Amino acid sequence: RWVRIPYLSSFKDKDVKIFMEPVILASSSPRRQDILKLLHIPYQVIMPNIDETVSPSLPAEDVPEIFAREKVAAVVHSLAADREIPWVLAADTVIIFNNKIYGKPSDQEEATAFLRELSGKTHTVKTVIALYSDRTKTTVARESVTEVTFKEMSEREIEWYVETGEWHGAAGGYRIQSLASCFIKKIKGTTSGVEGLPISELYDILASQGYSIIE
């Protein structure tokens, strides 16, 4: 049986199977939305309002889980008290190199500096998924850790890549699913984890809470 769900941004004017419950995605990331579409999970985007300033006192590896859980909580608390909230999904990704977090560059100059520092080196990408279930009124989390090794990049290559504009809104100043793949020498882990929503961990966290994507 199929049912039409017109209010879901990812499935507007499309048919989705009735057994798939809608999920609120606490992210505007196009890639995260693409992954939900790949799994045929109906969703609605609601952006969380949180302060993503990283305190120097926080260990870098703890940051993504803290932020992922804060995103979920912010969305849950922003909704009307009488609104049904079956599922809220959030994720946070950080790039860590030499115990330093590389966030989203503020401009071309910072994007260039990031790529110079990452060039020829191996860095860690950590993504944490947080999922709220209305059935249990709790939030659970899963993490994905991937090591990414860049080739040695020339100044011209860095300049060319920055000029593409892909660094906009991308942690570390690059997008592995696009032109940055020209300069990736090795990946130890999962590409989807670097993209911001690790598929295996997403499947596991949903299944652990009773949400099945298998008919």
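I need the peptides 76-82, 29-35, 105-111 ranked by packing, meaning the mean over residues of other C-beta atoms within 10 angstrom, with the highest value on top. Kindly include the intermediate steps, with their values, before the conclusion.
Numbers: 76-82: 9.7, 29-35: 17.0, 105-111: 15.0.
Top of the packing list down: 29-35, 105-111, 76-82.
Evaluate the charge dipole of region 9-134 about its Cα centre and quote only its size in Debye, nearest 20, assuming +1 on the Cβ of each Lys and Arg and -1 on the Cβ of each Asp and Glu.
Details: 14 positive and 18 negative charges, 83 e Å.
Rounded to the nearest 20 debye, it is 400 debye.
What whole-number value in Å² describes the accessible area per residue of region 9-149 for a 1.4 Å probe? Show your work: numbers first, answer last.
On the way: 6980 Å² over 141 residues.
Value for region 9-149: 49 Å² per residue.
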task: Would you mind working out the accessible area per residue for region 152-215, using a 1.4 Å probe, and quoting it in Å²?
output: 51 Å²
query: What size of dipole, in debye to the nearest 20, comes out for the chain about its Cα centre when the only charges are +1 on Lys and Arg C-beta atoms and -1 on Asp and Glu C-beta atoms?
result: 620 debye
query: Per 5 Å bin, what percent of the C-alpha pairs of region 109-172 does each bin hold, from zero upward?
result: 4, 14, 19, 17, 13, 9, 8, 6, 6, 3, 1
query: So what is the 222 nm mean residue ellipticity for the chain from helices alone, if each DSSP H run of at least 4 adds -39500 (n - 2.57) and you divide by all residues, rounding to the nearest 500 deg cm²/dmol?
result: -8500 deg cm²/dmol
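So for region 91-203, averaging the separation of alpha carbon pairs under 8 Å that are six or more residues apart and normalising by length, what relative contact order in percent results? Don't jump to the answer; show the numbers that get you there.
Working: 209 pairs, mean separation 37.1, N = 113.
Dividing the mean separation by the residue count of region 91-203 yields 33 percent.
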task: Could you order peptides 116-127, 46-57 by the average number of other Cβ atoms within 10 Å of their residues, highest first?
output: 116-127, 46-57
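Assigning unit charges at the beta carbon (Lys, Arg +1; Asp, Glu -1) and nothing else, what dipole magnitude in debye, to the nearest 20, does region 156-215 show about its Cα centre? Intermediate values should be presented prior to the final figure.
On the way: 5 positive and 8 negative charges, 56 e Å.
Magnitude of the dipole: close to 260 debye.
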- prompt: Taking all protein chains as present, what is the carbon and sulfur share of the accessible area of region 134-215, in % to the nearest whole number, probe 1.4 Å?
  reply: 49 percent
- prompt: Arranged from highest to lowest average of other beta-carbon atoms within 10 Å per residue, in what order do the peptides 87-94, 139-146, 58-65, 206-213 appear?
  reply: 87-94, 139-146, 58-65, 206-213
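Once the Cβ-Cβ distance between R83 and C182 is put in as r, and R0 is 41 Å, what FRET efficiency do you end up with, to the nearest 0.05? Could the numbers behind the result be given before it?
Numbers: r = 45 Å, r/R0 = 1.10.
With a Förster radius of 41 Å, E is 0.35.
The values are calculated or read from the model by the stated rules, or taken from the named source; none is laboratory data. These figures come from a predicted structure and were not determined experimentally. Every residue, glycine as well, gets a Cβ built from its backbone with ideal geometry; the counts of neighbours run over all protein chains shown. Just the protein is used for accessible areas: all its heavy atoms, side chains included, with ligands, DNA and RNA removed. Shrake-Rupley method; radii C 1.70, N 1.55, O 1.52, S 1.80 Å.
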